[in-house]
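Right, one structure below, let's go through it.
The values are calculated or read from the model by the stated rules, or taken from the named source; none is laboratory data. Keep in mind the model is a prediction, meaning the values are calculated, not measured. Backbone-built Cβ (ideal geometry, glycine too); neighbour counts: all protein chains shown.
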Protein chains: 4
Amino acid sequence: MKKTVLVTGFAPFGGETLNPSWQVAKQLHGWQPIAEVEVVAVELACAFLESAEQLSQLIAKLQPCLVLAIGQAGGRTQICLEHVAINLIEARIPDNAGQQPSGVPVVEGGPDAYFCQLPLKSMLKALHQHAIPAAISYTAGTYVCNSTFYHLCHLRKQMHLPVGFIHIPYAPSQTINNGVASLGLDLALTAVKLCIQVALTSNNDDSYQTGTLD
Amino acid sequence: MKKTVLVTGFAPFGGETLNPSWQVAKQLHGWQPIAEVEVVAVELACAFLESAEQLSQLIAKLQPCLVLAIGQAGGRTQICLEHVAINLIEARIPDNAGQQPSGVPVVEGGPDAYFCQLPLKSMLKALHQHAIPAAISYTAGTYVCNSTFYHLCHLRKQMHLPVGFIHIPYAPSQTINNGVASLGLDLALTAVKLCIQVALTSNNDDSYQTGTLD
Amino acid sequence: MKKTVLVTGFAPFGGETLNPSWQVAKQLHGWQPIAEVEVVAVELACAFLESAEQLSQLIAKLQPCLVLAIGQAGGRTQICLEHVAINLIEARIPDNAGQQPSGVPVVEGGPDAYFCQLPLKSMLKALHQHAIPAAISYTAGTYVCNSTFYHLCHLRKQMHLPVGFIHIPYAPSQTINNGVASLGLDLALTAVKLCIQVALTSNNDDSYQTGTLD
Amino acid sequence: MKKTVLVTGFAPFGGETLNPSWQVAKQLHGWQPIAEVEVVAVELACAFLESAEQLSQLIAKLQPCLVLAIGQAGGRTQICLEHVAINLIEARIPDNAGQQPSGVPVVEGGPDAYFCQLPLKSMLKALHQHAIPAAISYTAGTYVCNSTFYHLCHLRKQMHLPVGFIHIPYAPSQTINNGVASLGLDLALTAVKLCIQVALTSNNDDSYQTGTLD
């Protein structure tokens, strides 16, 4: 029986007409990263409560072997493999449901943060070998991206489910006249594909893991 | 009997001839932020092991009522009140003792991260009221600054000791011909003084605290 | 008889409540950079036509031996000694008189650009010796600053009058919560003082001048 | 008889193994932007004297109807249509021939600067319509790019030859692990193609030209 990888992107927010995360994720729907594994791509609401509910339902239904959420990180210059999800929401702008929480935890009573358990260094190495600008990031912000990532890590703890979060820069079409950095969607797509393949095939013994047992 | 506030700065590193954190901290030695409280300022080694040992000994000896560590964040534009200390060391360059750990925890078996328990929002408000560029930051990096901050938070948990970490930009003299942002030491000094006073006098009921009980 | 140095700053624009250029310039009014020379400081309108008229009248009246105009360069990190004034206005926002010219020359029939004739390299050296972040800049933009600088250079050609333009970053109070770089007004003031003294005392035989005869 | 458009890129410099300007230019060799016009693409030495000699010989031999030089602008985020070439060389690093001139003019006795005469605003509009990040730039620096541009403008004046200079950001492969902005070569190629077509077909009556008659 085929296994499923769940890849999510977000709906546009903050006045943008597209979200590069979904532009990338939707191209992965039906893709087979390795034999007997297929990607299901879903667009999440850019809203704190809705996205969390969507994720819970999707995971219950799909029973994926890996969940990789993708988000837009406006202003960044490179693919960012997020290492840390924190238990804090500080919304600078309202989400798409009009909510703007400040100073509240993602999960009441949860730990302050979760580290990603995916082999981020191996993933990073693969991206660099393919000449893709990339780095490991130690903050996913305090908005819906981080919140989603924290929810995923919290579920991971309960379900032994590998999860990760990748931030991608604006698409070039979002920055045509403001001087903000961008990255082509083609490179972002290749990057996400590589990360999925590394995550599925790594034996998790890369040097990074020695330091982050939990 | 007088209480003590311990304020630390770091020795220069990475080829710099000064560290703005110590330039600021040393000016606070002997300062009385409020009645019956006096600052002791100490320069920490910019080295993973040494700085941790120094801190443990200083805290055991001084029994401070507050510890505020200051560090240099090259390239940042504003005073950064650090919210998160993570249990990970990824040294991009060797520390001043020649050690360059990668992928190792700050404290074996410690939680992935600690949140700062100081009233950061009240501190930030005070800085803005004094027209000082400042923000709350959600990453203190993965070098000696973060490591020191994590150690402090770990001690806090054991000793019920309020601790915090403030990153300050380069001093102008460090950036005379490279185009990197800086902030005057006078503003940084005022900022740290304000933060100490808010930390000592706040009743900790600011909106932030509602979200970060631990 | 005393000679006069005319130093100008601009009125605030673009929604700002202060302009660091005038905050600096006004502190120089009455200052004697060298014996028998005194500074007259004037605030120029941040408007294309008005500022040009003000300058012409001031120069006719004061017969200065040096004119140094100061302007705000939001987002820059260092003192910028402007090398080039171009004969083009492209206003991104309306000036304080509501004018927003686009694609028009500063001076009809004037040359495409004028180089500054002040000893910028000597001035830069002095700033660096005083540990002030500074650089020579090759664009003063296309707004009122550049327009003013071009007018000055055009007058210089007619009157053999040494003129220059210095861009200074935002003051810290303008960037308290947006993460944009700033520079303390104290450093900017020292920088302008040093530049005036170098301009008045240099024998103009620095290496730069060999390349820019006109 | 076919007309020729000369498109140049530069050899790698400053330790890079490729120069995106040549990666783009070489793909244009033999391309027909409009009927009866064909592109000849040539790699210029990244050296002050050699590049100038190459250009003079190429123009004498090819008698092109348009010359468009492309250069790398490391750190920029968008396609930059250069408006101003200045008569000054300030080399921060030696060129590929080991020369590092400072404070010398590109052309002895030439004017301080030349404006580009191509319809830059129409070109910019075309790039934005194709969702390509782009801007008009008012400084091409003081290195080989600007020097080449100035030489071209100086020849233009003598030969009534339309010339232009386009700066493109680093290619993504040049910035895989340093966090510097990049732009995909595919977008840069499309951008240059569009600029050539606009330059060849524009009737030069766009609003810009009203302001820059010479």
Next item on the list: Report, by residue number, each residue of region B:100-113 that is within 11 Å of chain A (Cβ to nearest Cβ) and either part of a loop (DSSP other than H, G, I, E, B) or touching a His at 6+ places or on another chain (Cβ under 7 Å) (or both).
Entry: B:Pro101, B:Pro105, B:Val106, B:Glu108, B:Gly109, B:Gly110, B:Pro111, B:Asp112
Notebook entry, point to check: Limited to region D:14-36, what total is found for residues that are of a type outside the set (Gly, Ala, Ser) and buried (at least 19 other Cβ atoms within 10 Å of the Cβ)?
Noted result: 8
Notebook entry, point to check: Which of the residues that make up region D:154-174 are within 23 Å of A:Ile176 (Cα to Cα) and buried (at least 21 other Cβ atoms within 10 Å of the Cβ)?
Noted result: D:Gly164, D:Phe165, D:Ile166, D:His167, D:Ile168, D:Pro169, D:Tyr170, D:Ala171, D:Pro172
Note to self: Report every pair of residues separated by at least 6 positions or lying on different chains whose Cβ atoms are under 7 Å apart, first residue within region A:181-206 and modelled with pLDDT of 95 or more, second aromatic (Phe, Trp, Tyr).
What the structure shows: A:Ser182/A:Tyr170
Note to self: Checking A:Val107 against (1) buried (at least 20 other Cβ atoms within 10 Å of the Cβ); (2) over 20 Å from A:Asp186 (Cβ atoms), only one condition comes out false. Which one?
What the structure shows: (1)
Item checked: Filter pass, B:Gln158 being touching a residue at least 40 places away in the same chain (Cβ under 8 Å), away from chain A (no Cβ under 14 Å) and either out of contact with any helix residue (DSSP H, G or I) (no Cβ under 6 Å at 6 or more places or on another chain) or under 25 Å from B:Leu194 (Cα atoms) (or both) -> no
Margin query: Taking the criterion of being free of Cβ contacts under 8 Å to residues at least 60 places away in the same chain and among the charged types (D, E, K, R), would at least one residue in region C:67-82 satisfy it?
Written below: no
Check: If you take the residues in region C:116-138 that are more than 10 Å from chain B (Cβ to nearest Cβ), crowded, with 24+ Cβ neighbours inside 10 Å and touching a helix residue (DSSP H, G or I) at 6+ places or on another chain (Cβ under 7 Å), which one is farthest from B:Glu16 (Cα to Cα)?
Finding: C:Leu118
Item checked: Among the candidates A:Gly71, A:Gly141, residue that is of a type outside the set (A, V, I, L, M), modelled with pLDDT of 95 or more and surrounded by 24 or more Cβ atoms within 10 Å (Cβ to Cβ) -> A:Gly71
Next item on the list: Answer yes or no as to whether B:His151 is in contact (Cβ under 8 Å) with a residue 12 or more places away in the chain, out of contact with any His (no Cβ under 8 Å at 6 or more places or on another chain) and either away from chain A (no Cβ under 12 Å) or surrounded by 23 or more Cβ atoms within 10 Å (Cβ to Cβ) (or both).
Entry: yes
Notebook entry, point to check: Of the residues in region D:139-184, how many are under 21 Å from A:Ser173 (Cα atoms) and under 17 Å from the mean Cα position of the chain (by Cα)?
Noted result: 7
Notebook entry, point to check: Does B:Ala85 count as surrounded by 23 or more Cβ atoms within 10 Å (Cβ to Cβ), assigned to a strand (DSSP E or B), in contact with a Phe, Trp or Tyr (Cβ under 8 Å, 6 or more places away or on another chain) and within 14 Å of chain A (Cβ to nearest Cβ)?
Noted result: yes
Next item on the list: Residue by residue through region A:142-183, note down the ones that are in contact with a Lys or Arg (Cβ under 9 Å, 6 or more places away or on another chain), part of a loop (DSSP other than H, G, I, E, B) and within 14 Å of A:Gly75 (Cβ to Cβ).
Entry: A:Tyr143, A:Pro169, A:Tyr170, A:Gly179, A:Ala181, A:Leu183
Next item on the list: Within region D:139-148, track down each residue that is within 9 Å of another protein chain (Cβ to nearest Cβ) and over 17 Å from C:Leu88 (Cα atoms).
Entry: D:Gly141, D:Thr142, D:Asn146
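Yes/no matrix, rows are residues, columns are (1) under 20 Å from C:Lys193 (Cβ atoms); (2) in contact with a helix residue (DSSP H, G or I) (Cβ under 8 Å, 6 or more places away or on another chain):
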| position | (1), (2) |
| --- | --- |
| C:Ile86 | no, yes |
| C:Asp95 | no, yes |
| C:Pro101 | no, yes |
| C:Cys153 | no, no |
| C:Pro162 | yes, yes |
| C:His167 | yes, yes |
Notebook entry, point to check: Can we say C:Ile93 is under 21 Å from C:Pro169 (Cα atoms), away from chain D (no Cβ under 14 Å), β-branched (Val, Ile, Thr) and more than 13 Å from the chain's Cα centre (by Cα)?
Noted result: yes
